[in-house]
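A short write-up of the structure that comes next.
The values are calculated or read from the model by the stated rules, or taken from the named source; none is laboratory data. Computed from a prediction, not measured in an experiment: that's the story for all the values here. Heads up, the Cβs are rebuilt from the backbone with ideal geometry, glycines too, and the neighbour counts pull from every protein chain shown.
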Amino acid sequence: MIPTLLIENGTVLTGDSAAVPVPKHSVLIEGDRISRIGPARTFRCYKGRRIDASRKVVMPGLINAHTHCYSAFARGMTRAKPSVSFDEVLRNLWWRLDSALTAEDCHVSALLAMIESIRHGTTTIIDHHASPNAVEGSLNAIARAARKTGVRACLCYELSDRDGPRIAEAGLKENADFIRRCVRENDSGLQALLGLHASFTISDGTLAAAALAGSELGAGCHIHVAEAQSDQDECRRRHGLRVVERLEKFGILGGQTLAAHCVHVSRREMDILARTQTTVIHNPQSNLNNAVGIADVGEMTRRGVLVGLGTDAMTTNMLEELRVSLWARHLRTGDPSEGFSELGALLFSNNPRIASRIFGRPLGILHEGAMADIAVFDYDPTTPLKRGNALGHLVYGLSQAPVDTTIIGGRVLMQGRKLALDIDEERLNARARERAKNLWKRL
């Protein structure tokens, strides 16, 4: 018998472009999918499990289109040297940290990031991993965390030449092995892309090998693109091309590829991204934190580029990232009314398109037949929530409200703000603190 669950009597936001809030409605889940949405009164005879969503908002689980679970152990770390440029941030912090990670660190940090995601109603993540001294099996270690928490995850390993040819070769193999595993298992909760770091750390030979592997495996790529001006400067100096031009030359771009950041791309490069149907992932908090600039999402969108929203591991709270994307846009344009609906579309329209394409299932929307990935927010609005103002509530109200319940594929992972997982959080946190302390010592 297929298990059922009724989320009843809430205000339902379906997440589609109409975004019309529907009060006193219920969502019926059968197995891992939504089977019906309707007025609460039509489910009076339902006999199965119920979750009361009265005075709450029921909406699709949120999607994080670019993150790094391995960065969980950087929180509070003080051993990094002060940095005055993005390149120094990489060398003084992130490349030292990822080089010190063990396989167990990869697993524990992923558990921490995924639990935090659940707490913020984020049900799908697209992760970009690096652990150059623990490459082999690192993606399986993260996948174990995804299976244990129930979070839907697309994984890749960050291929780079910065640690030498042996580790680059191991990174390519790790990507290929994990992609094959995902194809073999066809798991609705686990997918893979072929990861690369960035143009300035990847040789022509490695780019060519990655493009060939991606073609043979039928996999798209996930790569940082022109995050800082230095990436463009290095590419033009060494190769006589801009970053997007170089990636196109080697066949890295395409409809399955994610280009994270794209802060310093020209309009010609935007046209290439649009023509190749390459997806760009905007990460405003990280870009502001690293002082690299603010991507011109408006121009990219006007030129036909599909742009999604990620956090680059600055947070697991996608509504917080949406808020910052708005403030950043206002600052860039000098116009406090610029980009409101456009940036809302990144999270509520584009991210679902991106994730649905990767996972081959309808995600990020509450419709009959869609995957039952749902976030229930404890939000009883003090002003009218109606047609035309839902995004305003999401940005200025719901973003400040706690998530009460998170469901992924029909599985209740949190209810009443309490995790419903077979994980002892107190023990996990103690274990994480010990691993973080040892990791910091190794730095």
- [ ] Inspect all residues belonging to region 33-50 and state whether any of them is more than 21 Å from VAL403 (Cβ to Cβ) and in the same structural domain as VAL151 (by TED's automatic domain parsing).
- [x] no
Open item on the list: Just checking: which of the helices (runs of 4 or more DSSP H) contained wholly in region 183-253 hold 2 or more residues that are crowded, with 24+ Cβ neighbours inside 10 Å?
Closed with: 243-249
TODO: Among the residues of region 57-91, count how many are in contact with a His (Cβ under 7 Å, 6 or more places away or on another chain) and without any contact (Cβ under 8 Å) to a residue 60 or more places away in the chain.
DONE: 0
Open item on the list: of a type in the set (Val, Ile, Thr), over 19 Å from THR315 (Cα atoms) and part of a loop (DSSP other than H, G, I, E, B): is that true of VAL84 in this structure?
Closed with: yes
Task: Residue, nearest to ALA345 (Cα to Cα), within region 384-411, restricted to residues that are assigned to a loop (DSSP other than H, G, I, E, B) and touching a residue at least 12 places away in the same chain (Cβ under 8 Å) - done: ARG387
Open item on the list: Looking at GLY31 and the list (1) at pLDDT 95 or above; (2) out of contact with any strand residue (DSSP E or B) (no Cβ under 6 Å at 6 or more places or on another chain); (3) buried (at least 19 other Cβ atoms within 10 Å of the Cβ), which single condition is not satisfied?
Closed with: (3)
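Among the residues of region 412-428, which ones are out of contact with any strand residue (DSSP E or B) (no Cβ under 8 Å at 6 or more places or on another chain) and in a helix (DSSP H, G or I)? Walk me through how you get there before you give the answer.
First pass over region 412-428, keeping only residues out of contact with any strand residue (DSSP E or B) (no Cβ under 8 Å at 6 or more places or on another chain): 418, 422-424, 426-428.
Within region 412-428, GLU426, ARG427, LEU428 meet the criteria.
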- [ ] Kindly state which strands (runs of 3 or more DSSP E) lie completely within region 278-377 and contain at least 1 residues that are small (Gly, Ala, Ser), in the same structural domain as LEU93 (by TED's automatic domain parsing) and modelled with pLDDT under 95.
- [x] none
Open item on the list: Considering only region 331-346, I want to know if a residue exists there that is buried (at least 23 other Cβ atoms within 10 Å of the Cβ), over 22 Å from LEU413 (Cβ atoms) and touching a strand residue (DSSP E or B) at 6+ places or on another chain (Cβ under 7 Å).
Closed with: yes
TODO: Filter region 146-174 down to residues that are assigned to a helix (DSSP H, G or I) and more than 20 Å from GLY410 (Cβ to Cβ), then give me how many there are.
DONE: 10
Task: Qualifying positions in region 386-406 - out of contact with any Asp or Glu (no Cβ under 9 Å at 6 or more places or on another chain), of a type in the set (A, V, I, L, M) and crowded, with 21+ Cβ neighbours inside 10 Å - done: ALA390, LEU394, LEU398
Open item on the list: Which numbered condition in (1) of a type outside the set (Val, Ile, Thr); (2) part of a helix (DSSP H, G or I); (3) within 29 Å of ASP233 (Cβ to Cβ) is the only one that LEU111 fails?
Closed with: (3)
TODO: Among the residues of region 299-330, write down those that are of a type in the set (Asp, Glu) and touching a strand residue (DSSP E or B) at 6+ places or on another chain (Cβ under 7 Å).
DONE: ASP312, GLU321
- [ ] Considering (1) in contact with a helix residue (DSSP H, G or I) (Cβ under 9 Å, 6 or more places away or on another chain); (2) among the acidic types (Asp, Glu); (3) at pLDDT below 95, say which one GLU88 fails and leave the rest.
- [x] (1)
- [ ] Pairs only if they're at least six apart or on different chains, beta carbon under 9 angstrom, first in region 347-374 and over 21 Å from HIS25 (Cβ atoms), second part of a helix (DSSP H, G or I); list them, first residue then second.
- [x] LEU347/MET318; LEU347/LEU319; LEU347/GLU321; LEU347/LEU322; LEU347/SER325; LEU347/LEU394; ASN351/MET318; ARG361/ALA355
Open item on the list: Every residue in region 1-17 that is loosely packed, with under 15 Cβ neighbours inside 10 Å and touching a residue at least 12 places away in the same chain (Cβ under 8 Å), please.
Closed with: ILE2, PRO3, SER17
Open item on the list: Within region 57-76, does at least one residue satisfy the condition of being aromatic (Phe, Trp, Tyr), buried (at least 17 other Cβ atoms within 10 Å of the Cβ), out of contact with any Gly (no Cβ under 8 Å at 6 or more places or on another chain) and on the phi < 0 side of the Ramachandran plot?
Closed with: yes
